[in-house]
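What follows draws every value from the coordinates through simple rules; no lab data is involved. Source: prediction; values computed, not measured. Note: ideal-geometry Cβ built from the backbone for every residue, glycine included; neighbour counts use all protein chains shown.
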Amino acid sequence: MASQRGESAAQDDTLTKPRRKGLDKSHYLYMAVIVAVILGAVVGLLFPEFAKSLKPVGDGFVKLIKMMIGPVIFCTIVLGIGSIAKAATVGKVGGLALIYFMIMSTFALAIGLVVGNLIHPGEGLNLAPYDPNKKAAADSTVDFLMSIIPGDIPVLPTLFAAILVGFAVQKMGPQGAPILKAVGYAQALVFRILIMIMWLAPLGAFGAIAAVVGATGVQAIFSMFTLMAAFYITCALFIIVILGGMLKVVTGVNIFKLMKYLAREYLLIFSTSSSEAALPRLIAKMEHLGVSKPVVGVTVPTGYSFNLDGTAIYLTMAALFVANAMGTPLDLGEQVSLLVFMIIASKGAAGVTGAGLATLAAGLQAHAPQLLGGVGMIVGIDRFMSEARALTNFTGNAVATVLIGTWVKEIDGERVDRVLAGAEPFDEVTMLAGHGQGHGPAQEAASETAPAVPASA
């Protein structure tokens with residue numbers, strides 16, 4: 001009996017004490033990219049002629065990303081259309097959530113364009129346009145290595161075919177479920193390959209940054225810092241002014257109180273650079289806040305695929321940065337068509353390393369293929385902007401859950417006030433017991449309403 005009590009006590013300790021983990025693999029990649037960017041800048045400043053010769057290293061990485069654009073777009077759009085159908089069948093909550101998500105992500109994309117046009121990031125660098133057919137400095141070894149990488153698939157025909165396939169499978173009803181499942185597994189494979197390619201990001205960033213700094217000097221470093229600072233400021237203003245304003249007007253809730261309530265989740269996201277890590281905790285905390293389980297179960301998982309405000313701001317600002325850096329700024333018509341493309345292409349690829357970069361490259365390839373050479377510069381600073389993207393995406397989904405709960409009258413306002421005032425603190429043991437894997441019926445609802453896609457790291 002004593003031994004049984006000792007075993008049960010040990011089990012209780014394991015439930016109440018979080019396990020200590022080493023650094024996640026993504027942290028090593030993050031640190032490697034930082035080191036590569038610094039080394040690239042130093043080499044570019046000290047040895048400019050040698051640094052210019054490293055340009056094929058960055059071009060090779062861009063070509064690898066370009067190779068994956070077609071498969072990523074096809075799988076994402078087909079599964080995205082399927083998940084829209086699933087969310088819409090949930091009824092009033094699902095339909096309202098989808099309308100809200102489309103409006104807010106479009107608004108975020110537009111804000112990115114406005115800010116980009118105000119600060120003109122990358123202007124004056126005048127980098128050489130990327131020409132995939134141009135031989136690299138008569139170097140046979142470079143030519144051979146570059147020829148190994150497969151060519152790309154045209155983006156707009158792929159997008160058109162994916163939309164047709166998505167709606168066709170949707171019309172098939174239950175018979176289309178196995179096809180969606182197969183596409184889901186194909187997407188998992190594509191994203192796995194993309195993650196493997198992203199491990200070459202430090203090498204690509206080193207070559208691209210060194211070549212750019214070698215050609216333009218300190219101005220390239222200043223331009224990249226300008227883009228990062230503007231992006232962080234834009235995300236902060238979007239959260240405080242836009243999301244905070246809507247939350248205050250509709251529900252009376254203060255955005256800073258909600259953010260304080262979600263402080264642990266922000267720390268988790270900041271340490272992993274991914275809002276996906278906090279998905280189970282957001283579901284549990286929104287239920288504890290007073291939003292009904294059905295609303296949370298529909299809104300949160302759907303928002304993680306369709307409500308990517310931070311990613312939307314990043315895509316348009318980064319695209320304008322690349323266009324200005326290459327000396328070919330986009331006119332208003334090209335910016336609008338790029339915005340429409342990004343609205344469609346950015347759906348359903350949340351939480352996957354490299355998916356945002358692939359979407360950015362896809363938009364540039366579809367509208368101005370000569371701008372692809374500038375993606376190498378974005379690789380160098382992409383990881384620095386990932387925390388702001390993830391935090392903005394997460395906050396957008398938390399606010400959306402409270403707003404939609406208020407609109408459909410499925411929220412306990414008095415409980416919200418008590419929880420945010422600290423009178424009813426969240427019980428962390430409920431998360432530790434499941435080790436962050438779910439939270440009761442809401443997690444079941446989430447699994448039913450989220451897109452049926454195999455998990456990808």
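Once both labels are positioned 7 Å from their Cα atoms along Cα-to-Cβ, the gap between residue 229 and residue 148 label points is 4.2 nm.
Once both labels are positioned 7 Å from their Cα atoms along Cα-to-Cβ, the gap between residue 50 and residue 164 label points is 5.3 nm. Distance from the alpha carbon centroid of the stretch 356-395 to that of the stretch 152-196 works out to 22 angstrom. Put in order of Cβ neighbour count within 10 Å, fewest first, the listed residues 295, 78, 249 become 249, 78, 295.
Filter the trypsin sites (Lys or Arg not before Pro) in the stretch 367-409 down to the DSSP loop ones having no more than 16 other Cβ atoms within 10 Å, then list what survives. Loop-located and lightly packed - 409. With a cut-off of at most 15 other beta carbons within 10 Å, and DSSP calling the residue loop, which trypsin sites (Lys or Arg not before Pro) in the stretch 239-342 qualify? Please list them. Answer in residue order: no site qualifies.
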